């Protein structure tokens with residue numbers, strides 16, 4: 001082969017080699033872009049380092065989490081990028097990967113602007129076909145939000161548990177099948193059980209029949225309406241009744257569906273009984289006060305021996321008329337009064353039915369041997385009395401109290417004189 005031919009062959013081989021190198025370089029760049037694009041779309045920290053520990057790749061999340069750009073990381077080591085205390089914590093797992101050629105999982109701490117963040121890191125070796133280490137990879141997921149949420153949830157659960165265990169209230173929840181899914185100590189105590197003995201049981205297995213039906217009915221209402229229900233219930237309970245002030249509300253899942261109905265019930269039986277007793281005593285006091293006021297408003301004044309004056313003031317209703325009649329008739333019997341003056345000067349208005357009842361009192365006084373004298377009758381009262389069917393001829397009426405007293409004293413003198421004459425006649429005989 002001539003020299004020129006050999007040169008041409010070598011040039012052709014070199015050209016083919018350059019094409020293959022260019023193609024391989026294009027393939028490498030495509031793979032590089034594919035790798036970088038892929039890891040940039042993962043919401044976890046991803047990085048690759050060569051066998052010497054030098055960074056070759058990081059993704060966008062790495063930059064975001066660490067605040068370090070690719071230019072400040074690629075081509076450098078952990079010791080060049082992170083503080084010593086952080087880097088030394090990383091080295092422990094890195095050494096295990098290099099020495100054991102195995103994946104290592106651990107939690108790592110990384111300081112951030114809002115405090116220390118917790119990452120779960122998977123560190124793994126990258127091996128060649130011969131099983132030799134050519135790179136180290138790492139994927140770290142930020143668990144901080146999850147851990148904070150878990151801590152918050154645990155705190156909430158602890159708080160709820162403390163309330164459920166210690167609140168002096170019956171706190172419980174039942175599902176659609178009327179099974180208990182939450183029971184406080186007080187709720188269990190009221191039925192003579194422990195929470196463990198109640199949980200998972202159906203309401204009819206725990207409550208007396210009447211109380212069970214009442215609770216299931218109201219629970220069903222909340223399931224159907226989806227609203228809160230507040231009511232006071234009187235339910236049969238072991239041969240008696242109990243009164244509960246009950247608040248019922250829906251408990252929804254993340255999809256907004258009602259999983260259970262919560263109930264907070266307060267046993268107000270003793271309080272309602274105390275209120276009833278207080279009301280009864282209050283009514284007794286009111287009746288006693290009213291009776292005292294009626295007595296004070298109906299004074300019976302002895303004018304002379306055998307003469308009583310009863311000045312009536314204000315409105316007279318049926319109850320007061322009854323009191324007046326009882327008091328006057330009782331005093332007539334006690335004092336043997338012969339004349340009773342009913343002074344109506346202070347009475348301006350009176351119902352016809354009360355006037356009629358007052359006339360019946362006058363007739364009762366006459367039956368006890370006492371003469372009734374009415375004084376101070378107003379024109380309005382006179383018209384009412386005139387319209388009554390009751391006979392008025394036997395009524396003794398005087399214009400004023402003074403005239404009535406004069407009449408009464410005259411009648412007493414006449415009665416005494418008559419008695420003396422009768423006594424003298426009997427003596428002469």
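Roughly what angle does helix 269-297 make with the longest principal axis of the chain, taking Cα atoms, 0 to 90 degrees, to the nearest 10? Value to nearest ten degrees: 30.
Relative contact order, percent, of the stretch 168-267 when contacts are C-alpha pairs under 8 Å separated by at least 6 residues? List each step's numbers first, then the result.
Numbers: 191 pairs, mean separation 26.8, N = 100.
About 27 percent, as a whole number.
For the chain, the relative contact order works out to 7 percent when only alpha carbon pairs closer than 8 Å and six or more residues apart are counted.
For the chain, adding -39500 (n - 2.57) for each run of n ≥ 4 DSSP H residues and dividing by the number of residues yields -17000 deg cm²/dmol at 222 nm. Cβ-to-Cβ counts within 10 Å put 109, 381 in ascending order as 109, 381, the fewest first.
Report the full-extension gain for the segment residue 87 to residue 388: residue separation times 0.36 nm, less the Cα-Cα distance, to one decimal in nm.
Values: separation 301, 0.36 × 301 = 108.36 nm, distance 11.57 nm.
Contour length minus the Cα-Cα distance gives 96.8 nm.
Taking N as the residue count of the chain, its C-alpha radius of gyration divided by 2.2 N^0.38 Å amounts to 2.43.
Against the chain, whose longest principal axis is taken from its Cα atoms, helix 209-225 shows a tilt of about 60°. Among 342-353, 24-35, 247-258, the peptide with the highest mean count of other Cβ atoms within 10 Å heads the list, and the full ranking is 342-353, 247-258, 24-35. Give the angle, between 0 and 90 degrees and rounded to the nearest 10, that separates the Cα long axis of helix 3-40 from the longest principal axis of the Cα atoms of the chain. On a 0 to 90 degree scale, this one is about 10.
So for the stretch 126-209, what percent of the C-alpha to C-alpha distances run longer than 20 Å? More than 20 Å apart: 57 percent of the Cα pairs in the stretch 126-209.
Just so you know, all these numbers are worked out from the coordinates, no wet-lab data involved. In this text the structure is predicted, and so the values were computed from the model without any measurement. All Cβ positions, even for glycine, are placed from backbone atoms using ideal geometry, and neighbour counts span all protein chains on display.
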